Amino acid sequence: AALARALAAALLLLVMAEPEGSGRRLPTHEVFVWFRDELEASFRTRHKVADYAARLGYSTRTLNRLARENTGLSAKQLIDERVVLEAKRLLAHGPDPVARIAGQLGFDDPSNFSKYFQHRTGTTPAAFRDRFRPSAESSV
């Protein structure tokens, strides 16, 4: 579990990293670092930029501006990417049903999670999971 969390954190840092060749890197603003840390700690229960802004004592506009300056993505896009990354990890490597994963990621209704996941990935959670499971034919 600790290894999985460390891997997830490393992947998030890679997603948030500035692409090579984009010019001189500006120093990361302290508030963005706080947002990034809070995102890693709370993505399972907080899916709205306003929740992070209230928690950190800054406006949603400030978080969005800093997110765009540091990653080129909005704060909401970063939240969604982190939730989807964890969903993919749980679907690919865990035995839990989609409904339980939905609950683990803070969704009240599994169908809302499925719509959220499909909108952001272009595939359903079940179809995504099936790509990582060996077929019955290959094990014969």
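The values are calculated or read from the model by the stated rules, or taken from the named source; none is laboratory data. Just so it is clear, the structure is predicted and the values come from calculations on it, not from any experiment. For neighbour counting, all protein chains shown are included, and Cβ atoms are generated from backbone atoms with ideal geometry for every residue, glycine included. Side chains included, ligands, DNA and RNA excluded: accessible areas come from the protein's heavy atoms. Shrake-Rupley method; radii C 1.70, N 1.55, O 1.52, S 1.80 Å.
Quick notes on this one:
- Here ARG120 passes the criteria (1) farther than 23 Å from VAL49 by Cα; (2) assigned to a helix (DSSP H, G or I); (3) open to solvent by 70 Å² or more (accessible area, probe 1.4 Å) except the one numbered (1).
- Test: residue in region 127-137 that is more than 25 Å from LEU13 (Cβ to Cβ) and crowded, with 16+ Cβ neighbours inside 10 Å: yes
- Number of the condition not met by THR62 [criteria: (1) over 26 Å from ASN112 (Cβ atoms); (2) within 18 Å of the chain's Cα centre (by Cα)]: (2)
- Residue pairs meeting the criteria (Cβ under 8 Å; at least 6 apart or on separate chains; first among the acidic types (Asp, Glu), in region 107-124; second assigned to a helix (DSSP H, G or I) and surrounded by 11 or more Cβ atoms within 10 Å (Cβ to Cβ)): ASP109/ALA102
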